[in-house]
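Structure record follows, encoded as structure tokens.
The values are calculated or read from the model by the stated rules, or taken from the named source; none is laboratory data. Given the structure is predicted, the values throughout are model-derived calculations rather than measurements. With ideal geometry, Cβ positions are generated from the backbone for all residues, glycine too; neighbour counts draw on all protein chains shown. These accessible areas exclude ligands, DNA and RNA; they are computed on the full protein's heavy atoms, side chains included. Shrake-Rupley method; radii C 1.70, N 1.55, O 1.52, S 1.80 Å.
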Amino acid sequence: MNTTHSSNAAERFDFTPLAKESIELDSAITQLHARLEQQALDAHLLDLAYTTVDTPVGSLLLAATEIGLVRVAYDIEDHDAVLQTLAARVSTRILRAPRRLDAVAYELDEYFAGTRRGFDVPLDLSLSSGFRQLVQRHLPEIAYGRTETYKQVAESVGSPRAVRAVGSACATNPLPVVVPCHRVLRSDGGLGGYIGGLAAKTALLALEARPH
Amino acid sequence: MKPPFEKVVAEHGATVLRVCRAVLGMPDADDAWSETFLSALGAYPELPPDANVEAWLVTIAHRKAIDQTRMRSRQPIPVEELPERASRTGSASEGATGGDAHNDSSDSLALWQAVGLLPEKQRLAVAYHFLGGLPFAEVARLLGGSVEAARRASSDGVRALRLVYLPEGASGTATNEPKGMPR
């Protein structure tokens, strides 16, 4: 047999969708996808819902479990790669289902508009553990518009000598922007690193320094 | 590494919908598609990473189509004779495409009507093999009967389609590329 689709020329028939059918299929799938999102939510089969939102610091991927927001990812992290990692680490039951992210998308809008200073959506911190999670839990205590040094954060979490570990906790923060690792700077005033790139870190600090 | 389920929907959603349409006709195809993907979402974590995802989906779709057919009519009708399918296909797609009258006479719909007119076994064999990409051995497993019978049903189906479907006055092409169709 030369192909799986036809064993000889007499049986050949081109079933490839024509332009018109392709367009109709696309719109049918869009509707069916929306229906599947709802059914999956209702049946508690959707372990991870995600969406993307456009912000002044680029497109952000937002992903949430049933517990809460589990991942915020910058464009430069490669959203497809992030989703693939989530599939491996959390669950492959993933759909683009914006509804579960409505609340956080709304709060991000307000944040970037300068009318919101903190986030109160439920978070799922299961992507980090131990000391990293401890640091990430502390970060929201740094007030909007303020900054701390890596050293100060290390002291706040009770491990004053773990400055480097604080640095890597910030660098691996799975929830940037919402968990404000951008408010942590080096002791010499340098920016330090940032998962979204230094331009994004600068932009967030500038936004929060603006008088509102 | 298994991709997120969203990728599965993006890659195979249209194929499975076409299979469902060929097997059930337009109106019931949507429900069968939804049932298929909801069920697949639930079972996806257990699917072996090297499995043929499309064949797996088509097999689920087949089971859901049987459920739909049973729900549709309780009495076991001889499924070899379902002449109403063609008209159902036509009217439903009119609704699905927003009542665009042009689509009714479009050639891709003519194809679906022609598929709907095929005898049950040929229609399913064509749907699973040609649209769903299942090898004949798998088709035979779903339909019952021998691999050879599945192969014959599907080639008989395609032969019938070529006779029925090729629009009259089509400019003599042997493929189903209808004239005047923007690609």
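If I filter the range A:81-99 down to residues being within 9 Å of another protein chain (Cβ to nearest Cβ) and part of a helix (DSSP H, G or I), which single residue comes out as most open to solvent (accessible area, probe 1.4 Å)?
Among those residues, the one meeting the criterion is A:ALA88.
If you scan the range B:110-142, which residues turn out to be more than 13 Å from the chain's Cα centre (by Cα) and more than 21 Å from B:ALA51 (Cβ to Cβ)?
Answer for the range B:110-142, where residues must be more than 13 Å from the chain's Cα centre (by Cα) and more than 21 Å from B:ALA51 (Cβ to Cβ): B:ALA110, B:PRO119.
Can you list residue pairs whose Cβ atoms sit under 9 Å apart, with the first residue in the range A:182-193 being in a loop (DSSP other than H, G, I, E, B) and the second being crowded, with 20+ Cβ neighbours inside 10 Å and aromatic (Phe, Trp, Tyr)? Count only pairs 6 or more apart in sequence or on different chains.
Sorted first by the residue in the range A:182-193, then by its partner, the pairs are A:ARG186/A:TYR150; A:SER187/A:TYR150; A:GLY192/A:TYR150.
Assess whether A:PRO160 counts as being in contact (Cβ under 8 Å) with a residue 60 or more places away in the chain and either over 23 Å from A:LEU69 (Cβ atoms) or open to solvent by less than 40 Å² (accessible area, probe 1.4 Å) (or both).
no
Considering each residue of the range B:136-154, count those that are closer than 16 Å to B:ALA61 by Cβ and surrounded by fewer than 23 Cβ atoms within 10 Å (Cβ to Cβ), and give that number.
The qualifying residues number 4.
Could you say whether any residue in the range A:157-164 is in contact with a Pro (Cβ under 9 Å, 6 or more places away or on another chain), part of a helix (DSSP H, G or I) and not assigned by TED's automatic domain parsing to the domain that holds A:ILE76?
No, there is no match, as no residue in the range A:157-164 is in contact with a Pro (Cβ under 9 Å, 6 or more places away or on another chain), part of a helix (DSSP H, G or I) and not assigned by TED's automatic domain parsing to the domain that holds A:ILE76.
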